[in-house]
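Accompanying notes for the structure given below.
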Amino acid sequence: MQINCNSLSLQPIIVKSMKVFTTNQSLHFCLASLKTPASCLGFVPTMGALHQGHLSLIKRAIKENEIVVVSIFVNPTQFNSAGDLETYPRNLKQDLKKIESMESLGEIIVYVPSEAAVYGNSVEKEAFDFGGLELQMEGKFRPGHFQGVGTVVQKLLDIVGPTHAYFGEKDFQQLQIIKKLVKMTKANVKIVACSIEREPSGLAMSSRNIRLTTGERSHASKIYEALKITKDKFSDTPLDEITQWVADKFEKDAIINLEYFEISEQLTLQSANIIEPQKKYRAFISAYIRNIRLIDNIALN
Ligand code: PAF
């Protein structure tokens, strides 16, 4: 397998039958040769360190589209700290092997751009106003994060030009913000929400999980456990009691540090005080094991 990320060639880098492009021109050249006006083009944007969660998005995209593009790009503008960006897991060779192993399902085009290909000369985030969605939960603890996500997703959608783009519900707030972005920018793409893939223990799959020790990884299942119990309690327990129960549970836990727990209305993501029967609610958790940040959520009704 030969990968040359500095290649400016218009020729695709062929990894067996898989096409890997590093420049916008070469990607566009390939797409132009494959696309017809009626083609469905599925897009799965990722930051690499691919796991089963990503692979399930790719599988779904293959099922629903004639052409599938997977991007691998660690977006600098969505990280809040240089340390987090630096330690974010990267393994392009392994990622390509994983995608290659799915080639029997359909042809996959991989786009691995440089910063310059995505951002041009200025690696900056746009100051999007997502109507307050960006200020809840993750937004409180990772200021500017969703401006960075919005910026890169808009740029990637412009470059790839998909009819369908696939996002996991693990990052539920991100998903709602991207739906809002598409509405605001009138982008002609359908955002497809895909359910959370979990490890056998229940831990939500995440690229960050590989930084956990075996013991931590199995202990981290307590996060999903708390969400499942929240769901059980939801119909007959006051919300402040549930919130207190979760806080107490993690207060006693020497390994998991709870950052936030919220029960929120699904569309506005605003913290719920009372339950309106016609609305949908979700519980959201963010927690640390050492310096590894884990998030998860569950539909409550
Ligand atoms: O969910 C992710 O991996 C990233 O936030 C995304 C959507 C690929 C943008 O960098």
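Any idea what the dipole of the chain comes to, in debye rounded to 20, about its Cα centre with Lys/Arg Cβ at +1 and Asp/Glu Cβ at -1?
680
Report ³J(HN,Hα) in whole Hz for each residue of the range 269-281, in order, from the Karplus equation J = 6.51 cos²θ - 1.76 cosθ + 1.60 where θ = phi - 60°; Gly and Pro get x.
With the stated coefficients, the range 269-281 comes to 6, 7, 4, 8, 9, 10, 9, 9, x, 7, 9, 9, 10 Hz.
Rounded, prolate or oblate: which fits the range 13-99, taking a ≥ b ≥ c as square roots of the Cα gyration tensor eigenvalues, rounded meaning a/c under 1.5, else prolate when a/b beats b/c?
The shape class here is prolate.
Could you tell me which residue out of P277, F261, F29 lies farthest along the dipole of the chain toward its positive end? Charges go on the beta carbon: Lys and Arg +1, Asp and Glu -1, centred on the Cα centre.
Result: F29, furthest along the dipole toward the positive end.
Cross-link candidates for K190: which aspartates and glutamates have Cα within less than 16 Å, leaving aside residues fewer than 8 places away along the same chain?
Filter leaves E64, E66, D158, E169.
Write down the radius of gyration of the range 96-184 and its Dmax, each obtained from C-alpha positions, in Å.
Cα only, the range 96-184: 15.0, 43 Å (Rg, Dmax).
At 222 nm, what value in deg cm²/dmol follows for the chain if DSSP H runs of at least 4 each add -39500 (n - 2.57) and the sum is divided by all its residues, to the nearest 500?
-11000 deg cm²/dmol
Between Q266 and residues 5 or more places away or on another chain, which pairs have amide H atoms under 5 Å apart, with H built 1.01 Å from N, and which residues are they?
Answer set, sorted by chain and number: K280, Y281, R282.
What list of ³J(HN,Hα) values in whole Hz, one per residue of the range 160-173 in order, does the Karplus curve 6.51 cos²θ - 1.76 cosθ + 1.60 (θ = phi - 60°) give from phi, with Gly and Pro shown as x?
So the J values, rounded to whole Hz, are 7, x, x, 8, 9, 10, 10, 9, x, 6, 4, 9, 5, 5.
Which ³J(HN,Hα) values, rounded to whole Hz and listed in residue order, are derived for the range 55-70 from phi using the Karplus coefficients 6.51, -1.76 and 1.60 in 6.51 cos²θ - 1.76 cosθ + 1.60 with θ = phi - 60°, glycine and proline given as x?
Per residue, the Karplus-derived 3J(HN,Hα) values read 5, 6, 5, 5, 4, 5, 4, 5, 5, 9, 9, 7, 10, 10, 10, 10 Hz.
Strictly over 32 Å apart at the Cα level, which of K140/K249; K155/K233; K93/K125; K63/K228 would you flag in this model?
Cα-Cα > 32 Å for K155/K233; rest within.
Can you run the Rg to Rh ratio on the range 220-301? Use alpha carbon positions and the Kirkwood inverse-distance Rh.
Using Cα coordinates only, the ratio equals 0.96.
For the range 93-218, what is the charge dipole size about the Cα centre, in debye to the nearest 20, if Lys and Arg each add +1 at the Cβ and Asp and Glu each add -1 at the Cβ?
The calculated dipole for the range 93-218 is roughly 240 debye.
Taking H placed 1.01 Å from N in the peptide plane, check which residues at least 5 places from E259 or on another chain put their amide H under 5 Å from its amide H.
S286, A287, Y288
Taking the mean number of other Cβ atoms within 10 Å as a proxy for protection, how do you rank 24-35, 43-54 from highest to lowest?
Output ranking for 24-35, 43-54: 43-54, 24-35.
Just to confirm, what accessible area per residue do you get for the chain at 1.4 Å probe, in whole Å²?
Result: 48 Å² of accessible area for each residue.
How big is the Kirkwood radius of the chain, worked out from every pair of different alpha carbons and given in Å to one decimal?
20.3
Can you tell me, using C-alpha contacts under 8 Å and at least 6 residues apart, the relative contact order of the range 171-301 as a whole percent?
With pairs under 8 Å counted, the relative contact order is 23 percent.
So the label point goes 7 Å from the Cα of A116 along Cα→C-beta, right? Which residues of the range 72-101 then have their backbone N under 20 Å from it?
Output list for this probe position: 72-77.
Out of every Cα-Cα pair in the range 148-232, what percent are more than 23 Å apart?
Percent of Cα pairs beyond 23 Å in the range 148-232: 38.
Determine which residues of the range 125-162 fall in the zone a paramagnetic label at Q25 would reach in this model, i.e. backbone nitrogen under 19 Å from the point 7 Å along Cα→Cβ.
Those under the cut-off are 159-160.
Pairs of Cα atoms under 8 Å, at least six residues apart: use those to get the relative contact order of the chain, whole percent.
Across the chain, relative contact order equals 16 percent.
Can you tell me the dipole magnitude for the range 165-256 around its Cα centre, using point charges on the Cβ only (Lys, Arg +1; Asp, Glu -1), in Debye to the nearest 20?
That gives the range 165-256 a dipole magnitude of about 640 debye.
Taking +1 at the Cβ of each Lys and Arg and -1 at the Cβ of each Asp and Glu, which of A187, L133, A204 sits farthest along the dipole of the range 123-206 towards its positive end, judged by Cα position relative to the Cα centre?
Working it through, the farthest residue towards the positive pole turns out to be A187.
What aspartates and glutamates could a cross-link reach from K279, if we take a straight Cα to Cα line under 14 Å and drop same-chain neighbours fewer than 8 places away?
Partners found: E265.
The values are calculated or read from the model by the stated rules, or taken from the named source; none is laboratory data. Quick caveat: nothing in here was measured; it's all calculated off a predicted structure. For neighbour counting, all protein chains shown are included, and Cβ atoms are generated from backbone atoms with ideal geometry for every residue, glycine included. The area values use the complete protein model at the heavy-atom level, side chains included, leaving out ligands, DNA and RNA. Shrake-Rupley method; radii C 1.70, N 1.55, O 1.52, S 1.80 Å.
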